[in-house]
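The values are calculated or read from the model by the stated rules, or taken from the named source; none is laboratory data. Keep in mind that what you see is a predicted model, and the values were worked out from it rather than measured. Using ideal geometry, Cβ is built from the backbone for each residue, glycine included, and neighbour counts are taken over all protein chains shown. Just so you know, the surface numbers come from the protein's heavy atoms only, side chains and all, with ligands and any DNA or RNA stripped out. Shrake-Rupley method; radii C 1.70, N 1.55, O 1.52, S 1.80 Å.
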Amino acid sequence: MIERWNSGRKDRDRDRDQNRDRDITAPRYDSSNRISKPSRHPPPSRSTAATANRYLTQDEQSEQFVADEDKFVLRQAKKKADIRVREHRAKPIDYLAFGLRFIDPDRDSFDDDDADVEIPLPSPETVIQGLDEAQLKELEEDIRSYHTLETNERNKEYWSALLTLCSDRRQKLKPQGSEGRAVTSVASDVDRILGPKSLEQLEQLEKQIRLKLQSDEPVDTDYWGDLLKSLLIYKAKARLKKVCAAIKEARVQLLRARDPEKAKTLELADGDGDAILDSSSGALVPSKSAARSSTPTDAASSSAPPPGTARFAPAGNEDFSQATKALYDREVARGVGEGEEIFTAEVAVPGIQRPLWADKYRPRKPRYFNRVLMGYEWNKYNQTHYDHDNPPPKVVQGYRFNIFYPDLIDKTKAPTYKIIRENGRRKGESTAPAGKEDTCLIRFIAGPPYEDIAFRIVDREWDYSAKRERGFKSTFDKGILQLHFQFKKIFYRK
């Protein structure tokens with residue numbers, strides 16, 4: 001009993017001491033009441049310390065702000081591209097961005113429109129091939145902006161591949177000086193070697209070439225270096241083709257639920273796109289393969305130019321008169337024969353000025369469909385190092401120009417042409433290094449309403465003989481200027 005009384009007294013004394021020191025506004029401490037809790041603060045937990053560590057420094061906050069701003073700018077750029085495509089006022093960059101939307105994981109679904117999948121799209125290569133130097137420069141700047149802002153790895157590879165193709169196309173359009181020529185003689189061989197290879201095969205070949213160039217073995221560095229440059233272009237094409245295949249598959253899947261017939265048409269269409277971009281008006285026309293897939297077999301085929309000829313269909317300020325269209329379609333229907341390739345080396349006319357008749361007639365560029373003749377040259381070197389089973393690279397042997405002027409105001413004056421040699425070089429003189437050929441400009445001149453047009457060609461002596469089908473021809477009949485010629489052949493005795 002005394003022990004119990006002493007114990008209770010001790011508890012009371014302790015409570016009195018605690019009450020003397022405690023804050024009168026704090027909760028009363030009662031040892032027999034488990035609900036009351038002391039007012040002392042608990043020690044900081046690990047989670048609280050981790051939260052403190054998550055506070056960003058000023059530099060980190062700045063970086064986060066810039067990253068968020070880049071995301072906003074990219075999202076707005078994509079949204080504007082979508083709107084311009086839907087309203088049929090798109091620029092080339094808009095079609096490239098719009099196509100990527102179907103496989104872009106960072107896309108905002110609220111920006112989608114159910115009818116987007118039905119909008120025909122040109123393949124990226126078709127868009128690039130149909131542009132001139134100024135348009136390519138603008139497109140390249142737009143692509144760089146997307147490439148800089150993108151964070152998705154596949155999207156960055158897509159834009160990087162497009163940059164490579166733009167650079168290659170601009171290089172081909174530049175006037176050829178001592179370091180190049182209008183048509184590369186080994187292009188067909190490079191295409192034969194690299195064209196059929198997949199992306200994985202090209203990457204493996206790239207490793208082998210780089211190892212060869214870095215090794216101490218005696219190798220032809222010019223040859224392997226040029227092959228590596230070409231390989232990087234084909235590698236970009238292969239990567240782009242892979243992305244385009246994914247875009248096409250995504251569009252087909254979306255169309256199957258909306259319009260199974262259109263889905264089947266798109267699936268059967270050749271190539272990566274179902275439209276061709278008109279570089280002068282920015283309009284889209286169905287590609288030939290898409291039109292063929294979507295029309296009955298007894299219906300007339302689409303009037304769209306065949307693949308690879310889009311650059312020749314609409315040019316500059318041309319109006320689409322029925323007469324011009326009929327002449328062009330008839331020439332396109334002839335196709336290209338054996339040893340022929342479509343000729344694409346149009347260049348800006350040097351020193352061109354606004355014509356005097358421009359106030360009276362609207363200037364326009366003539367349409368054209370030109371071919372370049374390619375073949376083997378059996379000179380002494382080629383006879384020594386090649387044979388018919390292992391032929392040498394093809395070289396340019398001539399040209400066939402077909403330029404359409406059906407709406408000439410003065411039809412009594414035929415269009416003419418003249419040769420322009422640069423840097424004061426005269427006919428017969430050569431300034432090209434060994435193994436290369438000199439080039440010159442051929443300028444076609446007509447009266448109103450047509451502007452002049454020029455092409456860069458190999459500068460060699462023409463053969464003016466009148467051999468059937470392969471001889472010299474210079475005529476203007478029914479609105480078509482035809483200039484066909486081959487170069488003189490040099491024969492070597494064995």
**Asked** Taking the condition open to solvent by less than 30 Å² (accessible area, probe 1.4 Å) and modelled with pLDDT under 80, does ARG169 pass?
**Response** no
**Request:** Please enumerate the residues belonging to the stretch 350-368 that are of a type outside the set (Ser, Thr, Tyr) and open to solvent by less than 100 Å² (accessible area, probe 1.4 Å).
**Result:** PRO350, GLY351, ILE352, PRO355, TRP357, ALA358, PRO363, ARG364, LYS365, PRO366, ARG367
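Name the helices (runs of 4 or more DSSP H) wholly inside the stretch 46-147 in which the number of residues that are at pLDDT below 80 is 2 or more.
Values: elements: 46-53, 58-86, 92-100, 124-129.
So the answer is 46-53, 58-86.
Conditions tested, residue by residue: (1) among the basic types (Lys, Arg); (2) touching a Pro at 6+ places or on another chain (Cβ under 8 Å); (3) at pLDDT below 85.
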{"residue": "SER430", "(1), (2), (3)": "no, no, yes"}
{"residue": "LYS436", "(1), (2), (3)": "yes, no, yes"}
{"residue": "ILE442", "(1), (2), (3)": "no, no, no"}
{"residue": "TRP462", "(1), (2), (3)": "no, no, no"}
{"residue": "SER465", "(1), (2), (3)": "no, no, yes"}
{"residue": "GLN486", "(1), (2), (3)": "no, no, no"}
{"residue": "LYS494", "(1), (2), (3)": "yes, no, yes"}
**Message:** What's the number of the only condition in (1) within 22 Å of ASP463 (Cα to Cα); (2) in contact (Cβ under 8 Å) with a residue 60 or more places away in the chain; (3) outside any strand (DSSP E or B); (4) open to solvent by less than 30 Å² (accessible area, probe 1.4 Å) that TRP378 fails to meet?
**Reply:** (4)
**Message:** Restricting to the stretch 188-219, and then to whatever is modelled with pLDDT under 85 and open to solvent by 90 Å² or more (accessible area, probe 1.4 Å), can you tell me which residue is farthest from VAL396 (Cα to Cα)?
**Reply:** ASP216
**Message:** Name the residue that is most open to solvent (accessible area, probe 1.4 Å), counting only residues in the stretch 103-152 that are within 20 Å of GLU346 (Cβ to Cβ) and among the aliphatic types (A, V, I, L, M).
**Reply:** ALA134
**Fill in**
Screening ALA299, ALA326 for residues that are at pLDDT below 80, in a helix (DSSP H, G or I) and open to solvent by 40 Å² or more (accessible area, probe 1.4 Å) leaves only ALA326
